[in-house]
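K.L.:
To start, I am sharing the structure in question, which I have written as structure tokens.
Rule-based calculations on the coordinates, nothing more; no lab input. Since we're looking at a predicted model, the values are computed, not measured. Positions of Cβ are backbone-derived with ideal geometry, glycine not excepted, and every protein chain shown enters the neighbour counts.
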Amino acid sequence: MNQFSTLILIFLAIAFLLRIDFVFYIIYVCIGVYAWSRWVVPHAARNLHSGRTYATHSFWGETVPITIHLKNEGRLPLPWIRATESVAVQLRQGAPVNTVVALGHKKQVDLTYTIAARRRGFYQIGPLRLTMGDLFGIQPERHAQLPAEYITIYPRIIPLVRLGLPSRLPFGVLASQQRLFADPARPMGVRDFRSGDSLRQINWKASAHTRQLLVRTYEPAISLETAVLLDLHTDTYTRQSRANTIEWAIEVAASLAAHLVDQRQAVGLITNGIDPLAVGDGPVFDENSGRLLRHSAAALSENPGALLPPVIPPRHGRNHLVKILERLARIENENTIPLTTWVAEATAHLSWGVTILVITPRGAETVCQTLHRLARAGYNPILIAVEPDANFGQVRERARRLGFSAYHVAVPADLDRWRQRTTSPFS
């Protein structure tokens, strides 16, 4: 700006001294360019609209395309726009958007890039920084910004048989000698029609054959809900492999929840980890990774139970599974309340007979005694240990004596060994 004014003054002095018409012509052009640049860019920038289109939720391993829309709604052109998008390091796949485009009147430009869902989490996408200016650099550059948005990446979901667990764990709908209801999936035969039987139960084909009304009979069953109890107390995990084992435990929880929903069973989630999105005034993201950060744990010493995320009660359906996966995508480990002192309070709201899948690093004796108390209270606890343990046979035997089942689901490094087995190692 100052340099351009100085240049005009120099040309003006030369024109008055030399009386050359061509110099006056140059002055008129410079003043016109200056006036146009001063007016057109601010007015055109008001009509610039930007937006971002993408899937806000993604499964682990997917590639997510993101499209940025830049549209000039006005009649005046925008000579140039520099668009720079911020992308989390853990999501980057290829070069992010960092380009310069021009927009004529009523024109739109779409800029597309992709991100890779390589790790679960709640990530920030953006902000998109827009810089505009005139062709000659006369006016200062103008800046605008498209606010950041967010994407949730679900944990990896592994088929149950590949986890090394039998596909018929004792949860869900179980056969029972107590006739609570008849399970239509368990036909037993027919019997004579009785007053009060529903017409829907009549076996018309068999009735026509015998010339008397017969109704279908089913095996009695009892419907048991399932709660996945995920232990994320930091000090419970071995320091050397803590990060990987915790991620593995979350993947196991997600896989079990998905399997239960596929079996049309009710499933819930209880954890002593922390959901950073539910703690504090708002989300805070790491500048380098773009991942949601845990807030300061200063409040843990005062009331750690208040920081625990709300319990997700057992429910059916895909929509409920999505709610569980979103929680597992954001959840982080923390030194809140140890499993052995927290489990009684955590399960107090559950109904009698609920199956509790307790995912914890190891089957220590204190843990087994805690699950034994759950069994005596009328629940159906199942221990799932996720850390390597060469002596897990002793844990399994201890659990058997205490009245519950125990399974060893080791870290992901052992998964290849399990895949080679044709049968479940626990069957």
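K.L.:
Tabulate in residue order the Karplus-calculated ³J(HN,Hα) for segment 316-328, using 6.51 cos²θ - 1.76 cosθ + 1.60 with θ = phi - 60°, rounded to whole Hz; enter x for Gly and Pro.
P.N.:
Per-residue couplings from phi come out as 9, x, 5, 4, 5, 4, 4, 4, 5, 5, 5, 5, 5 Hz.
K.L.:
Points 7 angstrom from Cα along the Cβ direction at Arg82 and His57: gap in nanometres?
P.N.:
My value for the distance between the label points is 3.9 nm.
K.L.:
Taking Cα pairs under 8 Å and at least six residues apart, what relative contact order does segment 48-153 come out at, in percent?
P.N.:
Once divided by the residue count of segment 48-153, the mean separation gives 32 percent.
K.L.:
If you count, for each residue, the other Cβ atoms within 10 Å and average over each peptide, how do 318-327, 267-276 line up from highest to lowest?
P.N.:
Numbers: 318-327: 17.3, 267-276: 24.6.
Highest to lowest by the protection proxy: 267-276, 318-327.
K.L.:
Right, here's the next one. If you stretched the chain out fully between Asn98 and Arg400, how much longer would it get, using 0.36 nm times the residue separation minus the C-alpha to C-alpha distance? Could the numbers behind the result be given before it?
P.N.:
Details: separation 302, 0.36 × 302 = 108.72 nm, distance 6.06 nm.
Here the answer is 102.7 nm.
K.L.:
Still on this structure, please answer the following. Under 16 Å from the 7 Å Cα→Cβ point of Ala344, by amide nitrogen: which residues of segment 354-395?
P.N.:
Only 366-379 pass the distance filter.
K.L.:
Per-residue HN-Hα couplings for segment 102-113, Karplus 6.51 cos²θ - 1.76 cosθ + 1.60 at θ = phi - 60°, whole Hz, x for Gly and Pro?
P.N.:
Ordered by residue, 3J(HN,Hα) equals 10, 10, x, 5, 6, 9, 9, 10, 10, 10, 10, 9 Hz.
K.L.:
Give me log10 I(q)/I(0) at q = 0.10, 0.15, 0.24 Å⁻¹ for segment 48-153, Debye formula, one equal scatterer per alpha-carbon, no solvent.
P.N.:
Here log10 of I(q) over I(0) equals -0.31, -0.64, -1.27.
K.L.:
Next question, about the same structure. Can you list the residues, at least 5 places off or on another chain, whose amide H is less than 5 Å from the amide H of Ile312, using H built in the peptide plane?
P.N.:
When sequence neighbours closer than 5 places are left aside, the close amide H contacts are Leu269.
K.L.:
For segment 36-86, calculate the relative contact order in percent as a whole number, restricting contacts to Cα pairs under 8 Å that are 6 or more residues apart.
P.N.:
Relative contact order here is 41 percent.
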